């Protein structure tokens with residue numbers, strides 16, 4: 001599994017670069033590359049569906065993020081830290097890593113999932129739902145209700161973006177035809 | 001408007017985009033239709049379809065591209081996808097419950113198999129693709145209005 | 001009236017309404033109002049029926065397996081008394097707020113987007129409440145959260161956008177912590193159904209994983225509930241939203257997403273551990289104090305109310321932390337009361353803003369002569385917040401304090417009494433500066449708000465007045481008693497749920 | 001310890017994201033932090049699902065794959081949902097960020113707080 005460790009290490013390095021680089025456009029592109037490395041690691045971890053989705057979603061996210069950085073104050077030359085937040089952040093980083101390290105010892109070791117419930121899905125995917133892709137059979141049949149929620153999240157985001165992007169939120173006094181003084 | 005002054009990127013990019021956008025679109029459709037057999041499915045395929053449109057908008061500029069894909073059209077397709085998905089869920093009620101896979105399962109590894117799953121995949125891909133594309137268009141239009149100021 | 005196959009309707013009706021709103025709202029002018037009202041009335045009636053149906057159901061629990069895939073393999077929806085209590089609270093407030101916003105939201109552009117997002121938020125909250133599956137809870141929590149971020153920014157002014165950004169970033173952080181907690185728990189128990197998880201956790205015994213996951217859930221859901229170390233978003237987000245949304249956010253959203261989930265997980269999945277309950281009580285005491293003291297300093301009416309929400313959530317969490325049946329009854333009753341009086345107060349502040357154009361208490365004064373209904377309902381709600389008998393708020397606070405004394409937590413009882421004195425002080429500030437005294441010259445032209453808004457205000461004020469009746473013997477057992485029983489009975493295992 | 005090294009690296013990634021959210025002043029950097037934290041959470045779920053020597057959870061028409069050598073498919077389905085939710089959140093946050101830039105002319109969160117007054 002050495003290639004997994006290499007990719008994870010590269011992701012951490014990429015994340016540090018993305019967070020610390022001065023200009024915004026390189027930062028966004030670096031975070032895109034971290035996402036691509038994530039897709040690669042999904043592929044190594046035998047999750048091709050997720051790898052594909054992560055890859056295309058990452059492209060979409062990077063396109064949107066780049067649109068946000070174009071023609072804006074691209075270089076962040078000012079002092080880019082909030083002191084209090086930074087201290088809390090570092091404290092969180094150290095504490096969480098330590099806590100997680102002790103907690104992980106109670107987890108099943110990496111590569112040995114318990115699969116208490118999920119043995120059901122591979123066994124019944126073909127017979128129960130007819131799909132040979134077990135992940136698809138889960139998201140569209142066994143747990144289709146989740147997928148409805150997920151589609152709703154996306155719908156909410158679309159309506160939310162439309163709502164936020166309205167040029168004016170409140171009507172002017174004339175538009176309102178004399179109902180109060182705004 | 002003459003070709004040189006048209007918005008968007010250079011002629012080379014446009015020429016290449018004419019080809020690649022279709023290829024990307026086709027790939028997206030392939031991913032959607034084979035979602036129950038191979039990796040992929042409605043979400044990945046939907047995003048790829050959205051990216052095909054995003055690709056052409058980026059290359060040709062907003063005005064040119066809005067001849068084929070508008071925001072109103074996108075929201076229409078999105079609503080269509082949502083209604084299709086809800087309809088599949090509700091149709092299940094007459095077979096015993098919300099989201100029951102009521103169609104015959106067919107033979108495994110066939111393109112037409114797995115009951116409602118391919119239909120759900122198509123519904124979701126319409127919804128995801130159109131939704132993301134309209135987010136992209138909305139964000140782009142704000143950019144344009146800003147530049148005018 | 002309600003059978004187990006109709007449980008998905010609690011989520012499906014508002015969701016379908018939202019889709020219809022998005023389709024028709026743009027083209028047909030008044031469609032959005034009509035669809036919104038119809039959807040909300042529909043779920044409200046259903047939730048009332050659910051309470052009645054559960055009386056007659058043995059075991060007090062209705063379940064349905066989505067897609068006929070039995071739990072723990074498929075997603076299971078569970079309707080028990082606690083759920084139907086939350087459903088009644090959420091949908092009651094949503095119904096009245098929806099009536100109010102018919103008039104209020106004419107001030108904003110693109111009303112159909114408001115209605116769509118409102119219904120999506122409602123669908124998300126109902127979805128969180130009725131589900132029996134941990135990941136499904138997360139998905140609907142995200143639906144409600146994203147809708148609420150968008151609604152906070154609905155005015156698209158400077159303050160709104162800044163507040164919405166802060167809220168959205170902190171809220172997403174909270175969601176990620178919750179998802180990480182779910183990941184830990186999944187890895188440990190290898191199931192997502194909450195009842196099944198409870199069963200497996202009991203078999204596996206205590207471990208550091210349970211503790212880590214519990215801490216993550218406390219941080220994540222505590223962020224959604226605005227528990228004190230994670231409250232920073234609330235005083236910005238709640239005042240910035242349009243008044244009906246402030247009422248929804250303060251009244252029910254922080255409870256459905258935060259407190260409900262904390263209760264459900266701590267009592268029914270993990271089983272309340274003494275360390276966690278004492279931790280919760282410390283957080284609660286700090287929340288009560290911080291919220292109340294900061295509320296005293298505010299001059300912006302909505303901001304004052306927002307800080308007051310933090311303080312009142314502290315009361316609810318204190319009751320939950322004490323954990324005796326009496327305390328849980330008090331906490332749930334206070335949850336209901338707070339939903340009613342805080343949404344009433346926010347709607348009042350909206351009405352004042354609608355009439356006068358300001359939220360600054362220093363610029364108001366003597367409004368009671370011009371706005372009799374608004375000021376009357378504000379007085380009733382204020383009395384209820386401050387805990388003046390015989391209003392509903394008095395009884396719930398009394399129960400929590402009594403429960404603290406009964407359980408031997410003298411310090412917390414005294415603390416709650418002290419905070420309620422501070423509560424009285426900041427509530428007096430609203431009435432003294434806003435509604436009593438002589439009216440200012442420039443405010444003499446204002447008129448009372450439109451009829452729809454008045455209906456909502458009067459209805460909520462009536463519930464505030466009569467809320468104490470829920471404690472009467474006979475009524476109490478049916479509604480509040482059963483709901484708190486679900487919690488005090490402790491861990492619910494899958495075999496109990498499926499039977 | 002080696003058995004848990006991927007988990008630890010994943011948590012480090014998560015903490016980096018949280019650090020960026022808490023410590024950075026630039027809105028886009030905060031969004032980047034959120035993205036990274038989200039990657040870490042998704043990665044954690046997939047790591048949990050992995051089985052040494054396991055196969056992808058997809059049956060093949062040419063190759064016999066027994067169900068009990070597959071990796072855990074359930075977290076993969078969850079991550080699929082989580083990725084889309086993350087994209088929705090990111091898109092919405094970018095929209096708000098662009099509106100903020102529209103209104104305030106800067107991405108600096110402390111300056112925005114000052115300008116808001």
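The values are calculated or read from the model by the stated rules, or taken from the named source; none is laboratory data. Note that the structure is predicted; figures quoted are calculated from it, not measured. Cβ atoms come from the backbone with ideal geometry, glycine included; neighbour counts cover every protein chain shown.
The table for this structure:
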item: Flag for residue C:83 being within 14 Å of chain B (Cβ to nearest Cβ) and at negative phi; result: no
item: Filter pass, residue C:219 being outside any helix (DSSP H, G or I), touching a helix residue (DSSP H, G or I) at 6+ places or on another chain (Cβ under 6 Å) and either at pLDDT 85 or above or surrounded by fewer than 23 Cβ atoms within 10 Å (Cβ to Cβ) (or both); result: no
item: Hits in the range C:468-488 - residues which are closer than 17 Å to residue C:61 by Cβ and without any contact (Cβ under 8 Å) to a residue 60 or more places away in the chain; result: C:477
item: Qualifying residue in the range A:153-161 (condition: at the interface with chain C (Cβ under 8 Å from one of its Cβ atoms), at pLDDT below 85, buried (at least 24 other Cβ atoms within 10 Å of the Cβ) and under 20 Å from residue C:140 (Cα atoms)); result: no
item: Residues of the range C:62-77 satisfying the condition of being over 20 Å from residue C:129 (Cβ atoms) and more than 9 Å from every other protein chain (Cβ to nearest Cβ); result: C:70
item: Of all residues making up the range B:125-146, the number that are more than 7 Å from chain A (Cβ to nearest Cβ) and at pLDDT below 85; result: 5
item: Residue check for residue C:180: closer than 27 Å to residue D:97 by Cα and more than 22 Å from the chain's Cα centre (by Cα); result: yes
item: First in the range B:29-49 and on the phi > 0 side of the Ramachandran plot, second anywhere and assigned to a loop (DSSP other than H, G, I, E, B), Cβ under 8 Å, 6 or more apart; result: B:40/B:34; B:41/B:35
item: Flag for residue B:122 being more than 9 Å from chain A (Cβ to nearest Cβ), modelled with pLDDT of 70 or more and crowded, with 17+ Cβ neighbours inside 10 Å; result: yes
item: Any hit, the range C:198-211, residues being buried (at least 24 other Cβ atoms within 10 Å of the Cβ) and within 11 Å of chain A (Cβ to nearest Cβ); result: no
item: Matching option when the condition is under 28 Å from residue C:245 (Cα atoms), touching a residue at least 60 places away in the same chain (Cβ under 8 Å) and either touching a strand residue (DSSP E or B) at 6+ places or on another chain (Cβ under 9 Å) or surrounded by fewer than 22 Cβ atoms within 10 Å (Cβ to Cβ) (or both), among C:311, C:343, C:369; result: C:369
item: Single condition residue C:183 does not satisfy, out of (1) farther than 16 Å from residue A:150 by Cβ; (2) touching a residue at least 40 places away in the same chain (Cβ under 8 Å); (3) buried (at least 24 other Cβ atoms within 10 Å of the Cβ); result: (2)
